[in-house]
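Below you'll find the structure, written out as structure tokens, and then a few comments.
Nothing in this text is a laboratory measurement; each read-out follows from the coordinates by a stated rule. Keep in mind the model is a prediction, meaning the values are calculated, not measured. Please note: Cβ atoms are built from the backbone with ideal geometry, for glycine as well, and neighbour counts cover all protein chains shown.
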Amino acid sequence: MAVTIDNSTNDFEFQKPFNYSINENITYFDYTNFTSDDFCASNNSHVYLNVTCEFAISYAEPMYGYIAPFLLATTTVANTLIVVVLSRRHMRTPTNAVLMAMALCDMFTMLFPAPWLFYMYTFGNHYKPLSPVRACQAWNYMNEVIPAMFHTASIWLTLALAVQRYIYVCHAPVARTWCTMPRVMKCLIYIGIAAFLHQLPRFFDRCYTPHKTVWRGRVEEVCRIEMASWVKALSVDAYFISYFGFRVLFVHLIPCTSLVVLNVLLFRAMRTAQINRQKLFKENRKSECKRLRDSNCTTLMLIVVVTVFLLVEIPVAVVTILHIISSTIVEILDYHIANILVLVTNFFIIVSYPINFAIYCGMSRQFRETFKELFIRGTVTSRKNGGSSRYSLVNGPRTCTNETVL
């Protein structure tokens, strides 16, 4: 089975191999009265780019045409607020740098395909053949390749966040060396470069050429899609198996498995810290007790963030793995159902994007205080001793090991 990239969030659409007649210069159809099922069942349904035949429209149109615009607005506002709050001077910590990068990646994952989602699904143009060639290329890049790149970066950033927190909690002395701001910034850059290189072949693996067809009684120039010559020389099956094999292993399987393990380890460390805190409280060591409490709050918040991530990512990983098995070993998937599953799981990834803002507001005192100071007039947070632990004048110079709140 050949595979094409799915819409909006990151993953793939299952289809039968392209069925082109290369010598055809013009295709004749009368679409005055047609149903999408009739059209897509024809032998020439993939001669040119038509979104009606790429996705299960009965599912894609309500989810991506009617609900997604509201999610886009919510995600854009929420993640912009996250970036604004975390970029404040007193909020610049290694943990917050990763959280801010995650917010930006999630927001760009939705922003790039948004114009096409509006055009195709909200305004109901999915049945129309897309043209000219530049528009077809823009559809591919903005709706498939670039969102996949940002979502891949977001996955690796989530893993980096969990690893960083594990070092803070379980190997505090090492944090002085490995969790400094310069090292974290370098890590963010490396993740961005790796995500770009992973998606780089997808910018060049297809060719879009002009193709004439009769659409509703008129001759229209549309886009014919072909795999690039270098992909054909390599073998289309080998190319897609390599791409999705890498994606399954390094974007889904290893990150999700690692995050599950790290979440368990962090939860155990938090329980141990809670026992130690009770002992400190009995010994009346209030300062250490407060520091441990703040650290536990931060750890719990990040565990919740990672758990939400896993709840929406694991189903996509499972469907991807099943597709690889079905394509290479034994066919076990009904690809119509598989396409619907991918649409639904990707949609829930979109739904999860605004949730982080609610988690930060609900579980981080520091985030709430900074948000109130910035956006709620008349709210002034006390900066005296005994107030918020975020201020360096109160707590001394901020280091990786005394980071107690977000």
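Equivalent-ellipsoid semi-axes for the range 81-124 (Cα gyration tensor, √(5λ), whole Å, largest first): 32, 9, 5. Between the range 296-336 and the range 46-93, the C-alpha centres lie 19 angstrom from each other.
Highest-first packing order for the peptide set 100-110, 68-78 is 100-110, 68-78, based on the mean count of other beta carbon atoms within 10 Å. Taking other C-beta atoms within 10 Å as the exposure proxy, Glu220, Glu144 rank Glu220, Glu144 from fewest upward. Where the alpha-carbon atoms of the range 116-193 are placed on the principal axes, they occupy 61, 21, 12 Å, in descending order.
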